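Read-outs throughout are calculated quantities, based only on the coordinates presented, and are distinct from any laboratory measurement. As the structure is a computational prediction, the values presented were derived from the model and not from experiment. Cβ sites come from the backbone with ideal geometry, for glycine too, and all protein chains shown count toward neighbours.
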Amino acid sequence: MTSRRGASRHGEGEGPVPDASLRSEYLRLKGALYDPNTDLLSAAAVIETARAFLHRAPAVGILSVEVDPLGRVETVYGWQVLDRLLRLVAEEVRGLIGAGLSPESILSQSGVSAGHMLVFAPLTQREAAGGQALALAARKLSDRLADLFALADFRNMTPRPAVQIGLSVLTEHPFHRLERQIYRAIDEARVAGMQGEAQERGREHAELKRIILDRAIETLYQPIVRLDTDEVIGFEAFTRGPADSMFETPGILFEYSHEIGMSRELDLICRRSALAHARMLPPGTKLFLNALPASLSDPGFREGLLADFPEGHSIACHDVVLEIADRSPSGEVEALGAEVAELRARGFMLSIDDVGRRVGSLEGIIEMRPDFIKIDDSLIRNIEHNMIKQEMLHSLCHAAGQLCVTVIVEGIETHAELEAIRACGAGHAQGFLFAPPSRQLPAARGARGHAGM
């Protein structure tokens, strides 16, 4: 019985105060069964609906859609990017309902915050026998997700998001418990998706091996500009795979080359291609070449690098800046002390790339004392509106100045970004604001000094 004191304290008509322990239990159960990011219930919460389908339909189709690799995407790009990716995938899967699959179909997740989504779709006898409706939905979804991952926000992601799509058909067996049949069918759909993905990955690996063996790559160059004079001090060489293929972007090209154990072979081909096409550079112009830490630690790489500079080569060792990506596992860059010393003794310059992408960037700078550091464009996006990013860039520029290291800011696309990085103390930059990567070096056409603005 509710007391008058309780009623008066909480106001007329509000009713009894909810029990705190019951509300806590409700929130706990809701958190276990509902994902607010994708607006999906877990599979456990919709099993009864799937059971009900079998009371009025001959079969239930199960479509398994699993995003991979979630862990690496979150580690490299952060949870916000992963959440957005999962929301977009959920929207594409939801779009199949009523457009190929029965409007009664339900979409769920195997668990809260999971990258595994499940569609339960009631099927007619004809659909169950032929399996065409599910297969067509799977193909349609695969095409939609391919278009989604080709968008600018995702196409350069490394590792590249992949989706395993599998299907199974559930019919009730009178001698088996229905719940077990449902979960067994879920497992069958998931395994089918994994097998299909494995076959597709095998075809992709074979295609990349062909690209590497045929040296079917292209080298582009982007100018690096000194901001106080607009002088082009050098060019960064970029690698691209065959146009309009999944290997066109360097992130996917190198990610897959690592999977097939041919990253060093690809690294060698890219370096030699960049040097061969840069022979027209005037003396003193820097050529920035990307190099894998694993390659630098290989004595064969260092000897081969010297062999690429024969007598009379237009580019001298001291014109070449080897860029080491700061995306490597923690400690890998810092462990290159002896290799760095040998390369310096041979005349090469060094740069640490992607600084600002991970917390440990300063460790590599202090340990290696590179000639240049390149600030990752993730720190630059919208920097004119972000005081924290400005303070971080200012601190990096100050620390680099103390170490006599030149700062180059990557990814400048707007005049607002340019003015912001100037104010933070950056003296050099590159990006589409100055010029996009190009097949033809401006210097080869006689232009020596200035970037187009």
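Structure above, values below:
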read-out: Residues whose placed amide H lies under 5 Å from that of Asn290, excluding near-sequence neighbours; value: Ala237, Glu323
read-out: Spacing of the two label points (7 Å from each Cα toward its C-beta) at Arg51 and Asp244, in nm; value: 5.3
read-out: Integer Hz, Karplus 6.51/-1.76/1.60 couplings in order for the range 257-268, x for Gly and Pro; value: 5, 5, 4, 9, x, 10, 5, 5, 4, 5, 4, 5
read-out: Note, ³J(HN,Hα) from phi for the range 131-148, Karplus 6.51, -1.76, 1.60, rounded to Hz, x at Gly and Pro; value: x, 5, 4, 5, 4, 5, 5, 5, 5, 4, 5, 4, 5, 4, 6, 4, 5, 4
read-out: Under 5 Å, built H, 5+ apart or other chain: amide partners of Gly61; value: Ala121, Leu123, Leu170
read-out: Residues in the range 194-226 reached by a label modelled at Ser273 [backbone nitrogen below 16 Å; 7 Å Cα→Cβ]; value: 207-222
read-out: Theoretical gain in end-to-end length, Lys140 to Ala338 [0.36 nm per residue, Cα-Cα removed]; value: 66.0 nm
read-out: Chain lengthening between Glu91 and His394 when straightened (0.36 nm per residue, less Cα-Cα); value: 105.1 nm
read-out: Inter-site label distance for Leu151 and Asp214 at 7 Å from Cα along Cβ, in nm; value: 3.2
read-out: Per-peptide average of other Cβ atoms within 10 Å, ordering 94-104, 164-174, 111-121 highest first; value: 111-121, 164-174, 94-104
read-out: Cα gyration tensor shape of the range 32-200, rounded if a/c is under 1.5, else prolate or oblate by comparing a/b with b/c; value: prolate
read-out: Derived scalar couplings ³J(HN,Hα) [the range 96-104; Karplus, 6.51 cos²θ - 1.76 cosθ + 1.60; whole Hz; x for Gly, Pro]; value: 6, 6, x, 10, x, 10, 3, x, 6
read-out: Estimated FRET transfer efficiency (Arg439, Asn382; beta-carbon r; R0 45 Å; 0.05); value: 0.90
read-out: For Gly234, distant residues with modelled amide H under 5 Å away; value: Ile224, Lys286
read-out: Ordering of 198-204, 423-429, 266-272 by packing [mean C-beta count within 10 Å, highest first]; value: 266-272, 423-429, 198-204
read-out: P(r) histogram, all alpha-carbon pairs of the range 96-145 included - 5 Å bins from 0, percent; value: 4, 19, 26, 26, 16, 6, 2, 0
read-out: FRET E, pair Phe432, Glu259, Förster distance 45 Å, beta-carbon r, rounded to 0.05; value: 0.90
read-out: Taking N as its residue count, the alpha carbon Rg of the range 49-147 over 2.2 N^0.38 Å; value: 1.17
read-out: Chymotrypsin sites (Phe, Trp or Tyr not before Pro) within the range 164-222: DSSP coil, no more than 15 neighbouring Cβ in 10 Å; value: Phe175
read-out: Förster radius 45 Å - calculated FRET efficiency between Ala423 and Ala345, Cβ distance, rounded to 0.05; value: 0.75
read-out: For the range 125-232: rounded, prolate or oblate by the Cα gyration tensor [a/c cutoff 1.5]; value: prolate
